[in-house]
Each structure stands twice: as C-alpha cells, then as structure tokens.
1. Among the lysines, which have Cα under 30 Å from the Cα of C:Lys87 when same-chain residues fewer than 8 positions away are ignored?
2. Out of B:Phe337, B:Gly215, B:Val494, whose Cα points farthest toward the positive end of the dipole of the protein assembly as shown (charges: +1 Lys, Arg; -1 Asp, Glu; placed on Cβ)?
3. How far is it, in nm, from the label point at A:Val157 to the one at B:Val591 when both lie 7 Å from their Cα along the line to the Cβ?
4. By per-residue mean of other Cβ atoms within 10 Å, what is the highest-first order of B:55-67, B:209-221, B:186-198, C:12-24?
5. Kindly report the accessible area of segment B:63-115 per residue (heavy atoms of protein chains, probe 1.4 Å, no ligands, DNA or RNA), in Å².
6. What distance in nm separates the simple spin-label points at B:Lys565 and A:Ile111, each placed 7 Å from Cα in the Cβ direction?
7. Taking θ = phi - 60°, what integer Hz values does the Karplus form 6.51 cos²θ - 1.76 cosθ + 1.60 yield along segment B:189-206, in sequence order, with x for Gly and Pro?
8. Please list, in chain and number order, the residues 5+ apart from B:Leu279 or on another chain whose amide H is under 5 Å from its amide H, with Hs placed from the backbone.
Amino acid sequence: MELLTFYPLAGFSILLALGVVINKSPIGSALCLIGMMLGLAGIFAMQQAHFIAILQVVIYAGAIMVLFMFVIMLLNLKGTGAEWRSRERNTLLTVLTAFLALGVLYKIVDIILEIDLDSPAKVADTFGTAAVIGETLFTDFVLPFEVASILLLAAMVGAVVLAKTKLD
Amino acid sequence: MLLNLTFLIPLFPLVGSIINGFFGLKLGEKKVGLIASAAVLLSFLTTILVFIGFLMLPEGEHAFKQTLFTWMVAGDFHVNFAFQIDNLSLVMMSFVTGVGFLIHVYSTGYMHGEYSFYRFFAYLNLFMFAMLLLVMGSNFLIMFIGWEGVGCCSYFLIGYYFEKKSACDAGTKAFVVNRVGDFAFLLAVMYIFSIFGTIEYSEVFHAAPEKLIFGGEVVTIITLLLFVGATGKSAQIPLYTWLPDAMEGPTPVSALIHAATMVTAGVFMVVRCNPLFNLAPDTMLVVAFVGAGTALFAATIGMTQFDIKRVLAYSTVSQIGYMFLACGVGAYTAAIFHMVTHAFFKACLFLGSGSVIHGLEGEQDMRKMGNIKGDQPITYMTFLISTLAIAGIPPLSGFFSKDEVLYHALTDGNIILWGMGISAALLTAFYMFRLVFMTFHGESRVDPSVHVHESPKVMTMPLVILAGLATVGGLLGIPLFHGWHLLHNWLEPVIHFDLASALHHSEHLLHEAGRHAPVWTHLLVEKEHNVWLEIFLMLFSSVVAITGIALAYIFYVKRPDLPDKLTEGQWGYDIVKNKYLVDELYDDTIVKPTVEGSKLLWKQCDARGIDGVVNGVARIIGWFSDRGKAFQSGFVRNYALFIVVGFIALLLIAI
Amino acid sequence: MVPLSHYLLLSAALFMIGVVGVLVRRNAIVVFMSIEIMLNAVNISLIAFDKYLNQHDGQVFSFMVMCVAAAEVSVGLAIIISMFRNKPTVNLDEFNIMKW
C-alpha cells in the first residue's frame, strides 16, 4: 500500500532532480529544486519522520530556496546558450567520470539489492514526533546542537562580511 | 699567586682585538691605537709578573701548568686547554709581547690616516693572541691553534691592501704554502698521539726516551714531519718562497710577523720538541743542512734585490736558516739566542725601512734612494746599529749569537756546515751594507718632488729602544766562560737531555724486539769547550764581517759604477736576481698542473658529471611536471572531479 | 511497507545526480543546488536507517545536516556575490585562478 505512494513520490523527486541539473535557466533549476524538496518531505513523512519533514519544508523549501531565488534575481542571471557546450580541454575526463559514476551507481544498486536485511524493528507511535526528537537533541546531542548554533552564527557573520561592498 | 695570572696574557690581546674589530670604526683612530697598544702592554706587564712568580717557584720545579678547562674528550683522546709556563715559553712570551708592544706603538704612527685603521689593529692584536697561544700551550693541539691562528692573521695582514692584486696573491701564496707545512705538522701530531696516547708536552717528552728507539724510523718520521711544518712557517727551503712576497703587507706587519715572531715559530717548535729531535740524528742532520743551505741561498738572492723590504725578507730567511743550523747541531740555546737577538735587530731594521718608506712617501726601490742620512738622522743611526748587529760586528748582539751558532756548527756539526755558515755571514755583511749605502749614502737619487722628512716620535722611539736592545742583547749569552752564559743556564731545564739513559732504553727496546743495537759509544764522548778555538772563530768572523762591509763600501760608495760593469751580461747574475727561478719552477711543476687539473676536473667532473646529474634530475622532474600541470587547471570543477575519482577509487578498493 | 533498499536506491540515485550536476554545470548557482541535492540524498539514507533501527539519532543528524546546509548556502552565496562583483559572471570556467 505504501509502495503506491512511494513510487510516484520517488519518481517525481528523481525527475525533478534531473530537471535541476538539465535545466538551462537557473530559475528553472531552482523551481525544480523546490519541487524536489517537497517530494522528499513527502518521503520523510512516509517514514513517520514528521518533524524532519516539516523542517525540510520550512528550512529548505522555505528559507534556503528563497535565498537562492534572491541571489539569482539579484544577479539577474539568465540561461545562456553556452551552458552545454562541451569544454575545450576536459571532455575526455568528464566522459570518463560520467561512465565511472554510472558504473558506481550500478555497483551500489547491485550491492543494495543483494543485501539480506532483517525484518525492521517495531516502531512506536511516538516515533519522529517533535517531542521525542527534541528530547534526544537536548540530552544526548546537546553539545553538537550548541556547536551547530555557533556555526550558524559564524556563517551569518561571514555572509555579511563577504557580501558587504567594501571592507572598512 | 702570580703564576695564576697566566691566562690573562693571551686574553688581553684577544679582548683588544674583539673591541677593535667590532667597534673600531666608531672609536676613531686614537682610541683604537690606544686600546691595541694597551692590550699588548698589559700582556707584557703580566708576563713580567708571571716571570717573577716563576722565579719564586720552589727549587726543583721547572714548569707550571695552568689548566683552564677540558677542551675535548673522545675515547682515549683527552685534550685540556692548558698553558705551560717554563723557561722556554717565558723567554718567548717576554720578547713576543715586548717587541710586539713596540711595534704596536710604531704602527699607530705608521698606519696614521689609513682608511681602515681599526682593521689593522684588530688583526694585529689577534695575531698577538694566536702567537701567545702558540708559545704558551701545554700540548701540541694548543700549539696547532696558535700555529694556524698566526698563519691566518698573517694572511689577513699580507692582504691588508686587498684592493691591490699583488697583495691578494701574496696573501694567498703565503697561506697555501703554509698549508703544506701545517699539514705535515698535523700528521706529526697525529702520529705522536698514536704512539704515546697523549699530546701533552710533559707526558710525551717524558715518555719519549723510553718508547722511541734512538735513531729509529718512528722518531725520524715524526721529527721530519715536524720539521716540514717548521720549514713552512719559518720559510726555509723548500717552502721559503712566500716570505719575500709577504712584504706586500704593511711594514710593521713585516717587522712583527715576518721577521720577529711568527717566522721563528718553527724554530721555537723544534726547540720545544728537542727531546724528540735529540733521538733522531738523521733528522738533525737534515735540519742542519737545510738551515745552512737556506742561510747561504737566501743571502745570495738578497745581494741582488733592489726592493728594500725584499732584501730584508731574504735576510730574514737567511737568519732563520742560522737558527735551524743551530738546532740541527743540537745547540738549542744558540738557536733561541739568535732568535731573540734577531727579533731585536730585524724588527729594528724593518721598522727603520718602514720609516724610510714613510719619509719617502711610499718609495721602496733602493735605486730611487740615497744620501738621506741627513734628513732622517734617528732612523739612520738606529738602522746602522742594527745593520752592524746583523753583520756581526762586536760587541753588538748579532755578533755573539751568530758566533755561537757558527762555533757549534763547527764543533758539534762539521766543517761543511761551518763553511756554509761563514760564507753566508760574509754575504750578509755585504748585502746589508749594500742596503745601507744605497739607501743612506752616496748620491741622492730621490725623486725631486719628494720632500724627505724624519718620522714622528711615536715611530722613532720604538726604533731607538730596539736599537738599544740590539746593542746590549748580546749580554744574554756572553761566550767563552762556562757559567756566564745566562740564556744557556736559564734554558738548561728545558733542553736538558740525558743521552746515556736514552741510549740505554733504546738498547733495551731493541733487544726486546730481537734486534741488535748498533754501537753508540762514540756518541757519548764528552766534548770539551775549546776557548781558544772560539776566540779564533770570533776573530775570523769579525774579519769576515769587516771584509763584507769593505766590499760593499767599494762597490756602492767608492765606485758605484762597478756593480753594473761586473754584472752586465753575466747569466749567473741574472739567475740569482730572478731568485734562481724557483718561483717559476714551482709555478711550472706544481701550481700549473694543479690549476690545469682542477680546471679539467671542474669542466669534466663538476660541470658535466655532477651538474649534469643534478640538472638531469631537475629536467626529468620538469618534464613530468609539464605533463602533470594539466591537472592543476584552476577550475573548481576539475578539483571536484578529482574528489569524485578518488571517492570512486576508495569505493572500488573497499568493496 | 516499503523495504529499506528502496530508500537506499533512491538516495544513491539522487546522490549521483547531484555529483553529475556538480561536475557538468558551469553555473555556480546550479552547482550549489546540486550540492543541496547531494545533502538531501544523504538525509534520506539517514532517516530510512533510523526508522529501520527504531532510533532517533539519524533524525538528529539530518537536522544537523540541514543546519550545515543552511550555513553553507548563506556563506556560499555571499561568496558568489562577491565573485560576481569582481567579474560580472557566475560561469565557473571564468574563475581559474585557484592554481595560484
């Protein structure tokens, strides 16, 4: 039953991800990305990770993508015809890597399908609620949490300093 | 205790040298000269104090040793930094510091106005330090430091006018030629260590008669190596060629280093090592003949030179030859005696020639001098006294010392050695008076534009003192009567040698080795002091000296045209004038092949071989880098690509 | 019930799409977006395992990943803006001075 929701969602996400990479204009890419984020939020929700699903929508689809759109519009970027022109010197290397990447993907798929997994553990009803995650976050992971806040602060300051027109 | 002041003696000049060397430029001429002279004066006064302390030593003690610190220890090899005060080193210290002080004072006048005044005095003080180490050290290694130190300072000072090519070349020549001798000296020290297991004088000399066979190969090799070292430093055949060239240095340097002190270091070393030399009669013979040969050989060259300082240089070589002649016949006292008197009169002569050069505004060619005795009366008088001393006119100091050398050459050596010595004495009297007559007498050939003037007091005072010492220095060793010879009595503890017991030990050693000892009994025959023979020899050498002077008078005052007439077209004269072409010979046989060989090695081995390998490696790496730099494109995505490739590689390895 | 392997396959596929995006696109902003895709792919794996093992650590970690992503994007975009100021383009082929 769940598979019926999973396959459309997964296919939707992969298609949009490909859309991010293939799309000629940055705006198109960004819109695809938003869609992909929402699809992934659905996938998270399917796994009862409700809290993360909400965060995915709020942080990624909301905050981060808005930032992307902002920058794209600020710089007034448009798609250029040169996007897909083959590079002068690295064609061979790129092709080689593409093949390697595909090979690796194939290998990974192979491995994943071969693994004999046990039956999954029984999950409590409270799994993935904000209360439970909050408890874990503020007990076992309180130090990484605080560090993450410092990281965000530093990123904020850094962004302001970098984006300022002139350092004085 | 006064003897504990010993370490101060070399310290003063060292400190002076450091002060002048580092701060001399700021101090100004006056202070630099004052510091340098004061340092040497202090060391002279300390020497006197130490001398008094030494005299107060209890009966039977003949040496005092001051150990400052352990210098190096490596297994059995143990060297102390120590000074040995004994009768011999005291004599050396006294006249080195004394004469050194006078020359320092003189230099303050002579070097006046030189642009790097302080450099000269820094070197000069450093030289005093090294020379004092040389004479005061208590083992061969300390002596070797001093030995190299004086060589080094000599190099600095010969090349003092380093902007002059000839001075630089002369410095290099002195250094390289000295190196030959130094190498032999070092070998000898190593050999001594391998035999005795120590390089401390007292221990080596004490053990020498017991460990070495009289006349054996070991002691002969050691002493020959030591003597080669001495020939380098003391400018004897075959390593004398550097000394005449060394006259490129300032004149006080020639007086201090190349006449009075450093060049006599070889003689001092031989006397210091007399317990070893006494055991090697073959070496002694070599020493005597090299000495006598050098005395005669250098004197002949001295007759033909026209540069006033070069004549004195050859005269120095010749006089040191006398000292080695004395050493070679076992008359160590005579050698030291002649060394001391020579230091007085030769220093006076060099300083006098410096005064002449100073007065003539830099002229050194005797053909452009003449009749300046009226303009430089003090210089003339002191110069004349010293010349009489070196010529051997009684009762000046040179007469006594030279006579003693000749007397011992005849009685302890043989008639050939004496003949060479007396011929050299004749030539000495001749060329020294040739020098005096050409410089001070006759017609003036001075460039008319030059105003001849007497030197300042600071220069003439040392001259007067040295001339006085040259006059009375002979009193140190009044001959004829046993017991009156002060120097001989004084040096007796150092040069005391018990031949009979040494021979006894040698016989014992030979028997242990299963060999037969040769017959040595004839060596033990006591020689009598023949007073009448000595008186006869004195009279004879005085006559010889006067003959030489008279000849010089005829040639250079009465008939100045005679020398040219006699020498014209004489190929023999030309050869002597060109110093027997020895320099050219060395150039062709040693210097040029070495230079050519070095050039060959440089071009083939170094430039092609070694550089080729090094550059080849660099070129190969460069080639690979050229190919590899494509990876370093500067595009961020390329780097990301490499990350992915690495990630894939890890994945493939891990799974 | 969706098996774990499905989630992992989805994660791998998205991750490789992100990698290819980083490698082939020249537009700096699109490269950034590809990096976001890669981060999200990792999140899928984390949560799938979490559910499978009945833990909460993975969710906490994905939370951290989001934090880092937010920080990275803000700084990264600021860098792009300042680059753009130097040279009015976001084409990464124009920026090759990293070899110095």
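1. Of all the lysines, those that pass the test against C:Lys87 - Cα under 30 Å, at least 8 places apart if same chain - are A:Lys24, A:Lys78, A:Lys164, A:Lys166, B:Lys629, C:Lys99.
2. Among B:Phe337, B:Gly215, B:Val494, the one farthest towards the positive end of the dipole of the protein assembly as shown is B:Phe337.
3. Once both label points are built, they end up 7.4 nm from each other.
4. C:12-24, B:209-221, B:186-198, B:55-67
5. 36 Å²
6. Each label point lies 7 Å from its Cα, and together they span 11.8 nm.
7. 4, 5, 4, 4, 5, 5, 7, 9, x, 7, 10, 6, 3, 4, 6, 4, 5, 5
8. Amide H to amide H, under 5 Å and 5 or more residues apart or across chains, B:Leu279 pairs with nothing.
The values are calculated or read from the model by the stated rules, or taken from the named source; none is laboratory data. Predicted, not measured: the structure shown is a model, and the values here were computed from it. Quick reminder, even Gly has a Cβ in these numbers, built from the backbone with ideal geometry, and neighbours come from all protein chains shown. Just the protein is used for accessible areas: all its heavy atoms, side chains included, with ligands, DNA and RNA removed. Shrake-Rupley method; radii C 1.70, N 1.55, O 1.52, S 1.80 Å.
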